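The structure appears right after this line, and notes come after that.
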Amino acid sequence: MEAKELYNETILKAYKNPLNKGKIDPADLEFGGGNRSCGDSVTYTLKLKNNKVEDIKFEGHGCSLSLASASLLTEIVKGKTIEEILNLKAQDIYDIIGETAKARSKCALLGIIVLQTGLARHQKNPKETKIENVKI
Ligand code: FES
């Protein structure tokens, strides 16, 4: 597949001008992790209000697809409850970044896997508010 086909305009735009990049400090929750095979990583910091995500930011280093997808995810989850975020599917990401990203699913889904894994662990054990080493 040509790079041109894989990296559509949505991905390129989100990579060049990522939304919600940075770190919330102090944050209510912080979840970070990375892709074992390439070492790329992403960290989310979140503020919650009434069990909903009031604000979320991300930092990371990695390929354009992983960072674009991690950034677009922040817009999807703002205003959602933890349960709603845990119910998101890979297809919800592909609906936004395009079906061609399925060819590199680990890159495309790095962000959502880190975020959902962190939230699931936090939901099981509310004392876990900072998780640094989610691996995919
Ligand atoms: Fe590492 Fe894409 S090459 S996440």
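A short reminder: the numbers here are calculations on the coordinates, not readings from a lab. Being a predicted model, the structure only gives us computed values, none of them experimental. Please note: Cβ atoms are built from the backbone with ideal geometry, for glycine as well, and neighbour counts cover all protein chains shown.
Which of the trypsin sites (Lys or Arg not before Pro) found in region 55-119 are in a DSSP loop and have at most 13 neighbouring Cβ atoms, other than their own, within 10 Å?
Lys89
Filter Lys80/Lys106; Lys57/Lys135; Lys52/Lys102; Lys78/Lys124; Lys13/Lys78; Lys23/Lys127 down to the pairs with a C-alpha to C-alpha distance above 26 Å, please.
Lys52/Lys102
Hey, could you pull the Cα Rg and Dmax for the chain, both in Å?
When restricted to the Cα atoms of the chain, Rg and Dmax are 14.0, 46 Å.
Distance in nm between label sites at Lys23 and Arg36, each 7 Å beyond Cα in the beta-carbon direction?
My value for the distance between the label points is 2.7 nm.
Relative contact order for the chain using alpha-carbon pairs under 8 Å, separation at least 6, rounded to a whole percent?
31 percent
Ignoring everything except DSSP H segments at least 4 long, calculate the 222 nm mean residue ellipticity for the chain; use -39,500 (n - 2.57) per segment, divide by total residues, nearest 500.
-12500 deg cm²/dmol
What are the ³J(HN,Hα) couplings of region 46-58, residue after residue, when phi is run through the Karplus curve with 6.51, -1.76, 1.60 and θ = phi - 60°? Round to Hz, x for glycine and proline.
For region 46-58, the Karplus curve yields 9, 10, 10, 8, 6, 6, 10, 6, 7, 8, 8, 9, 9 Hz.
HN-Hα J couplings of region 67-76 from phi, Karplus 6.51/-1.76/1.60, θ = phi - 60°, integer Hz, Gly and Pro as x?
Per-residue couplings from phi come out as 6, 5, 5, 4, 6, 4, 4, 4, 6, 5 Hz.
For the pair Asn87/Glu54, report the inter-label distance in nm, with labels modelled 7 Å from Cα in the Cβ direction.
Simple spin-label model gives 2.4 nm for this pair.
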